[in-house]
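Okay, structure first, notes after.
Please treat every number below as a calculation from the coordinates, not as lab data. Since the model is a prediction, treat every value here as computed from it, not as a measurement. Using ideal geometry, Cβ is built from the backbone for each residue, glycine included, and neighbour counts are taken over all protein chains shown.
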Amino acid sequence: MSAEAGKFDPMHQFTVEPIAKLFAAGGREVWLTTSAVWMLAAAVILWLFMLGGMKRQLVPGRWQMAVEGFTGFISSMMSTNIGPEGRKYTPYVFSLFMFILFCNILGMVPFALGGLHPLTVTSHFTITGVLAVLSFAIVLVVGFWRHGLHFFSLFVPHGTPWPMIPFIAPIEFVSFMVRPFSLGLRLFVAMTAGHVLLEVFANFIVQSSGAGAAIGLPVGIASMALMIGISALELLVAGIQAYVFALLTSLYINDAVNLH
Amino acid sequence: MPQINQLAENWYFASQLFWLALIFGAVFVVIGLGMYPKIEATVDARDRKIADDLAAAKAAHASADGLEEQYRQQSDLSRAAAQAAVQDAKDKAARDAEKRLAKVDAELADKLAAAEADVSAARKSAMAEIEAVAAEAAGDLVAKLSGVKVAAADAKQAVKAVLHG
């Protein structure tokens with residue numbers, strides 16, 4: 001990746017370190033890993049955050065207002081995308097959105113300054129992929145549960161002329177089947193790319209310190225300025241990707257509930 | 001790319017799947033099913049309370065308007081009634097005054113008539129007395145002058161003829 005490959009590897013940050021072996025089942029070992037620790041941290045912080053919103057006052061305080069802002073954001077998204085029936089699926093989409101958001105943001109926090117090495121859980125497609133498959137499975141179950149085999153009419157958009165159906169239906173089918181992959185890969189790629197970029201620019205600052213004041217100072221200052229900008233951008237991406245994941249999940253559930 | 005390289009490790013995918021299922025499951029149950037509906041219920045309750053309060057305020061405003069209208073009508077009505085009562089009282093007072101005046105007039109006229117009658121009676125009796133006295137005096141005069149005894153009735157007749165011409 002760089003001139004000193006052994007010393008600097010921007011991909012190393014994504015390595016999941018095993019901490020302790022828990023048990024083995026079916027020939028597979030399950031370990032307590034750094035990934036599990038960061039997921040757990042995100043879940044606990046999310047729980048603490050939500051706990052502040054449980055005061056249930058008529059006139060909310062600041063914290064309760066913040067929590068209600070999040071719940072209101074997701075519930076209004078669900079009701080605009082799906083309609084009143086969307087309320088049933090809001091707890092799932094809300095959990096999904098908040099969990100991904102907290103994992104994304106936790107991976108952005110510079111804990112490394114304290115010696116901890118943060119792992120962005122959502123930069124692993126084994127995590128985002130499973131979540132995407134889970135959303136896709138919910139869409140399939142809800143679709144077939146509500147509409148039976150009529151659910152296949154999803155592949156024939158309204159107003160398609162009869163002769164076009166043999167061409168449109170396979171395309172719709174493929175685009176439908178690609179959904180879990182695009183859903184999972186989008187989040188994984190955005191997180192991975194952002195963190196690689198951050199690491200590369202951070203490394204520029206470190207490397208420029210050894211290049212002398214004439215070259216090192218301008219390069220270091222420019223890289224630092226870029227780092228600040230990219231960090232802000234990555235915070236935005238952390239929110240947007242969680243939102244996109246939740247939004248697409250709600251749109252897919254809408255397909256299953258309302259069939260176009 | 002460790003995300004791909006580590007797939008070859010025996011523990012990697014199993015651990016990721018296990019912990020994701022455990023932790024996301026817990027998040028879904030505790031936060032999604034436990035906390036989220038309560039927070040939404042709080043928000044809904046607040047929205048309903050605000051809507052109810054607004055409706056109550058609107059109803060109170062409408063009823064206040066109604067009361068004001070009613071009050072105005074009532075006050076108009078009572079003002080008209082008061083004016084009518086004043087007019088009645090005025091009319092009645094005028095009528096009473098007229099009646100009393102008429103009564104007093106009649107009484108005065110009666111008194112006047114009685115007094116006039118008294119006066120004329122008195123004059124009549126006075127006249128009669130004067131006649132009697134004059135007749136006596138005339139009889140006495142005639143007797144004294146001529147020695148002729150005149151009958152009282154004749155004297156009376158003569159006096160009457162002179163007095164009444």
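Can you pull the mean other chain C-beta count within 10 Å for peptide A:127-135?
Taking all residues of A:127-135 together, the mean is 2.
Describe numerically, in nm with one decimal, the distance between label points set 7 Å from Cα along Cα→Cβ at residue B:17 and at residue B:100.
The answer from the label model is 11.9 nm.
Could you pull out every one of the lysines with an alpha carbon less than 24 Å from that of residue B:90, ignoring same-chain neighbours closer than 8 positions?
Correct list for residue B:90: B:99, B:103.
Given Cα pairs under 8 Å that are at least 6 residues apart, what percent is the relative contact order of segment B:104-158?
Worked out over segment B:104-158, it gives 28 percent.
Take A:31, B:11 and order them by how many other Cβ atoms sit within 10 Å, fewest up front.
The order, fewest Cβ neighbours first, is B:11, A:31.
Cut-off under 15 Å on the C-alpha distance; same-chain residues fewer than 8 positions from residue B:38 excluded. Which aspartates and glutamates are left, in chain and number order?
A:68, B:47
If I take every Cα pair under 8 Å that is 6 or more residues apart in chain B, average their sequence separation and divide by the length, what percent do I get for the relative contact order?
Computed value for chain B: 10 percent relative contact order.
How high is the FRET efficiency between residue A:55 and residue A:235 when r is their beta carbon distance and R₀ equals 45 Å, given to the nearest 0.05?
Computed FRET efficiency for residue A:55 and residue A:235: 0.95.
Select from A:76, A:57, A:37 the residue farthest towards the positive end of the dipole of segment A:1-89; place +1 on Cβ of Lys and Arg, -1 on Cβ of Asp and Glu, and compute about the Cα centre.
Going by the Cα projections, it comes out as A:57.
Peptides A:63-70, B:90-97, A:191-198: what's the order by average Cβ count within 10 Å, highest mean first?
By packing density, highest mean first, the sequence is A:191-198, A:63-70, B:90-97.
Provide a whole-number value for the mean count of partner chain Cβ atoms within 10 Å of the Cβ atoms in peptide A:91-103. Numbers along the way, then the final one.
Numbers: counts 10, 4, 2, 10, 12, 4, 0, 4, 7, 1, 0, 1, 2.
The mean count of partner-chain Cβ atoms within 10 Å per residue comes to 4.
Please state the relative contact order of segment A:12-258 as a whole percent: Cα pairs under 8 Å, 6+ residues apart?
The value is 23 percent.
Please report, in debye to the nearest 20, how large the charge dipole of segment A:12-258 is about its Cα centre when each Lys and Arg carries +1 at its beta carbon and each Asp and Glu carries -1 there.
Computed about the Cα centre, the dipole is about 500 debye.
Would you tally the net charge around residue A:62, using a Cβ to Cβ cut-off of less than 12 Å, leaving residue A:62 out, and scoring K and R as +1, D and E as -1?
Numbers: positive: A:55; negative: A:68.
So the environment of residue A:62 carries a net charge of 0.
Excluding residue B:134 itself, what net charge comes from residues whose Cβ is under 11 Å from its Cβ, given Lys and Arg +1 and Asp and Glu -1?
So the surrounding residues net to -2.
How would you classify segment A:12-258 from its alpha-carbon gyration tensor, with a ≥ b ≥ c the square roots of the eigenvalues: rounded for a/c under 1.5, else prolate if a/b is greater than b/c, otherwise oblate?
Taking the square roots of the gyration eigenvalues as a ≥ b ≥ c, segment A:12-258 is prolate.
At a 10 Å Cβ-Cβ cut-off, how would you order A:8, B:28, fewest neighbours first?
Working: A:8 16, B:28 19.
Least to most surrounded, the residues fall as A:8, B:28.
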